[in-house]
């Protein structure tokens, strides 16, 4: 496709944070390579930010390589596939820190990542899209369980970011998945380095996730991905946002009111519970600390819950959820 045609199409069809490209670009990438994104995604980012050179981790089916060819800008990619589909894609395991990234990564003003989605059961790369040895197969993020796979994706992002020159952009394309009915979001599990610039929503077309039906569940079809764009503000600084998962007991939370705590206890106990049992559930926790009259507060809260119809006083000293 001609450079001028690409720029014209992007300027006319990619003007908002919602991107939808039913036509992936017939001359871009190997259409048989599972998980390929539309070539209009890298084309849009390149044109929008005026990028003059591109590097790519997880180069896969060669889509971005072909886009850069038509836009007449340098491209440098790496992939785990021992037989890359394009000559400007090098064989490399991004998780192998004994190997240096190609020089092109240190010179590009845009770095793109479309990482594998850990644990998706109906897409496979090693021994399917390509044949490899035991080392390369063990490094295939697609075959890793969720937690390990997301850790590997974040390692790849941080390593790629470290090689970027000052002022360069990093764009990562990720999505939401459902594994055996369990929802997983790659976006909320990303370690995002640098200065966050933009989040785009990319509509997916002709994907299995957009048709997958779960009996007896009211799940919406997953028909989108996210494009997260960050910028490296300086040469030395590695600033990043790390997702953290916290689990705590509501009875120890400073943000929980007495109503929250007492109602949660009633729900947990299920059938009618005595005041002594309710006290027992609350006493060892932080909610009672510094309040010598906490038992009176529990009784007051139970009366309030009864007035609002949330709890029922079933007998002397016994309560339950209404």
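Condition check: touching a helix residue (DSSP H, G or I) at 6+ places or on another chain (Cβ under 9 Å), in a strand (DSSP E or B), crowded, with 17+ Cβ neighbours inside 10 Å and without any contact (Cβ under 8 Å) to a residue 60 or more places away in the chain. Does residue 149 satisfy that? No: the conditions fail for residue 149. Note on region 296-319: residues that are in contact with a helix residue (DSSP H, G or I) (Cβ under 6 Å, 6 or more places away or on another chain), free of Cβ contacts under 8 Å to residues at least 40 places away in the same chain and either over 19 Å from residue 255 (Cα atoms) or outside the structural domain of residue 278 (by TED's automatic domain parsing) (or both) total 1. Number of residues in region 55-88 that are free of Cβ contacts under 8 Å to residues at least 24 places away in the same chain and either in contact with a strand residue (DSSP E or B) (Cβ under 8 Å, 6 or more places away or on another chain) or not assigned by TED's automatic domain parsing to the domain that holds residue 39 (or both) equals 4. The sole residue among 29, 50 that is assigned to a loop (DSSP other than H, G, I, E, B), over 22 Å from residue 149 (Cβ atoms) and in contact with a helix residue (DSSP H, G or I) (Cβ under 6 Å, 6 or more places away or on another chain) is 29.
Rundown of residues vs (1) modelled with pLDDT of 95 or more; (2) in a loop (DSSP other than H, G, I, E, B), yes/no style:
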position: 68; (1), (2): yes, no
position: 101; (1), (2): yes, yes
position: 105; (1), (2): yes, no
position: 111; (1), (2): yes, no
position: 118; (1), (2): no, yes
position: 122; (1), (2): no, yes
position: 132; (1), (2): no, yes
position: 137; (1), (2): no, no
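So which of 200, 192 ends up being modelled with pLDDT of 95 or more, in the same structural domain as residue 22 (by TED's automatic domain parsing) and surrounded by 15 or more Cβ atoms within 10 Å (Cβ to Cβ)? So the residue among 200, 192 that is modelled with pLDDT of 95 or more, in the same structural domain as residue 22 (by TED's automatic domain parsing) and surrounded by 15 or more Cβ atoms within 10 Å (Cβ to Cβ) is 200. Looking across region 1-34, the residues that are crowded, with 19+ Cβ neighbours inside 10 Å and closer than 30 Å to residue 96 by Cβ come down to 28, 29.
Determine if region 75-97 includes at least one residue that is farther than 27 Å from residue 152 by Cα, in contact with a helix residue (DSSP H, G or I) (Cβ under 6 Å, 6 or more places away or on another chain) and surrounded by 15 or more Cβ atoms within 10 Å (Cβ to Cβ). The answer is no; no qualifying residue exists.
The values are calculated or read from the model by the stated rules, or taken from the named source; none is laboratory data. Since we're looking at a predicted model, the values are computed, not measured. Heads up, the Cβs are rebuilt from the backbone with ideal geometry, glycines too, and the neighbour counts pull from every protein chain shown.
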